[in-house]
Amino acid sequence: MKTTDVFGVDIGGSGIKGAPVDPARGVLTLERHKVLTPKAATPDAVADKVREVTRHFGWTGRPVGVTFPGVVIGGTTRTAANVDKGWIGTDAATLLADRIGAPVTVLNDADAAGVAEMSFGAGRGRRGTVIMLTLGTGIGSAVFIDGQLVPNTELGHLELDGHEAEQRASSKARDDHDLSWPHWARRVQKYLAHLEMLFSPELFVIGGGVSRKAAKFLPLIDGIRAEIVPAALRLSLIYIS
């Protein structure tokens with residue numbers, strides 16, 4: 001690790017991952033370490049796991065960036081769709097800084113992934129409206145206009161077929177309902193069509209773990225005017241400093 005590195009931690013609904021990051025190059029400098037998210041994902045329980053991840057690397061004192069699956073304003077978590085509701089209204093930045101003994105910045109996980117893609121990945125150099133979507137336990141979103149982030153958009157909670165979109169088109173929904181790739185692709189297509197009607201983006205960037213299997217479903221999506229590409233980085237950790 002170099003003295004210019006920062007440390008990135010991603011809090012997810014199923015796992016908490018972390019690694020040192022070179023923010024100038026947008027790369028992890030060591031293999032990430034992952035622990036399971038506590039079943040009762042309360043602020044205290046998750047903070048202990050974040051400390052476990054940073055201590056795995058002997059990281060102390062220097063900055064840590066943390067991504068969180070919900071709205072984050074000024075370091076305080078405002079929503080908690082896929083973790084314990086005790087996070088709502090928690091000063092997460094202070095809680096985590098006290099627990100791990102280092103300055104902490106907290107932001108929405110999809111926003112961080114989007115900034116990474118716009119800085120180093122599939123959205124680099126793109127102007128106009130770009131929408132990054134992370135299809136995982138839920139659906140995270142990041143919206144950019146001429147490269148500038150509109151934070152905390154939470155477009156996974158838009159209604160789709162009478163349900164929240166993430167209940168229909170997330171990767172978890174595909175697994176939970178044992179959907180075939182063509183069936184799930186039709187759901188994703190309907191969701192993208194709804195977003196296109198609302199925002200008229202030039203580009204959709206599709207992230208989340210399922211982006212590794214983009215060839216199985218992206219070619220099945222049609223009728224969308226915007227370009228659709230898989231995320232190039234697949235990690236929000238690389239830009240949370």
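The values are calculated or read from the model by the stated rules, or taken from the named source; none is laboratory data. Keep in mind that this is a model prediction, so the values were computed, not measured. We place every Cβ from the backbone using ideal geometry, glycine too, and count neighbours over all the protein chains shown. Just the protein is used for accessible areas: all its heavy atoms, side chains included, with ligands, DNA and RNA removed. Shrake-Rupley method; radii C 1.70, N 1.55, O 1.52, S 1.80 Å.
Structure above, values below:
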read-out: All-pairs alpha carbon distance profile, the chain, 10 Å steps from 0, percent; value: 8, 34, 36, 19, 4, 0
read-out: Unit charges on C-beta of K, R, D, E only; dipole of the chain, Debye; value: 580
read-out: With every protein chain in place, the chain: carbon and sulfur % of accessible area (1.4 Å); value: 50
read-out: Reduced Cα scattering model of region 6-110, Debye log10 I(q)/I(0), q = 0.13 Å⁻¹; value: -0.39
read-out: Per-peptide average of other Cβ atoms within 10 Å, ordering 87-98, 143-154 highest first; value: 87-98, 143-154
read-out: The chain - share of DSSP beta bridges that are antiparallel (%, nearest 5); value: 60
read-out: Radius 11 Å from Cβ of residue 137, net charge of other residues (Lys, Arg +1; Asp, Glu -1); value: -3
read-out: Helix 109-120 axis, angle to the chain major axis (alpha carbon atoms, nearest 10°); value: 80
read-out: Summed side-chain charge close to residue 72 - residues other than residue 72 whose Cβ falls under 14 Å, Lys, Arg +1, Asp, Glu -1; value: -4
read-out: For residue 191, net neighbour charge (Lys/Arg +1, Asp/Glu -1) across residues whose Cβ lies under 11 Å away; value: -1
read-out: Cα long-axis angle, helix 181-199 against the chain (0 to 90 degrees, to the nearest 10); value: 90
read-out: Kirkwood hydrodynamic radius over Cα pairs of region 86-195, then Stokes diffusion coefficient at 4 °C and 1.567 mPa s, in µm²/s; value: 83
